[in-house]
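A short write-up of the structure that comes next.
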Amino acid sequence: MPAGRRASSRSPASSAASPDKVPMGMVMNKGLTIRTGQTHVNRWTEDLLRRIEEGQIDPSFVITHTVALEDGPEMYKVFRDKQDSCIKVVLKP
């Protein structure tokens, strides 16, 4: 890599909006490996919830919106359309 140039932490495959735009030639020339897979939600859920309940982890930094349950359908549209800097919505009954 040329001096003064920083490596990007963004994967060429992270462009989910346009998967046909992945520069496969660059990936091959740089000898990069692309791996995919699902998150092991069931494996980690119990441990993470316990840590949150015990105050070891504070996930509030990702919550951008808190709304009533009946506002869920509208907030889904906000989330889906990436409006209002929406990252995570908490629905309150």
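Checking each residue in region 60-86 for being open to solvent by less than 90 Å² (accessible area, probe 1.4 Å), closer than 27 Å to Asp47 by Cα, part of a helix (DSSP H, G or I) and of a type outside the set (Ser, Thr, Tyr) picks out only Val62.
Within region 21-59, being modelled with pLDDT of 90 or more, loosely packed, with under 10 Cβ neighbours inside 10 Å and among the hydroxyl-bearing types (Ser, Thr, Tyr) holds for one residue alone: Thr33.
Taking region 35-92 on its own, how many of its residues are over 30 Å from Met24 (Cα atoms) and of a type in the set (Lys, Arg)? Residues flagged as over 30 Å from Met24 (Cα atoms) and of a type in the set (Lys, Arg) within region 35-92 amount to 6.
The values are calculated or read from the model by the stated rules, or taken from the named source; none is laboratory data. Worth saying up front: this structure is predicted, and the values here are computed from it rather than measured. Positions of Cβ are backbone-derived with ideal geometry, glycine not excepted, and every protein chain shown enters the neighbour counts. Note: areas computed on protein heavy atoms with side chains; ligands, DNA, RNA excluded. Shrake-Rupley method; radii C 1.70, N 1.55, O 1.52, S 1.80 Å.
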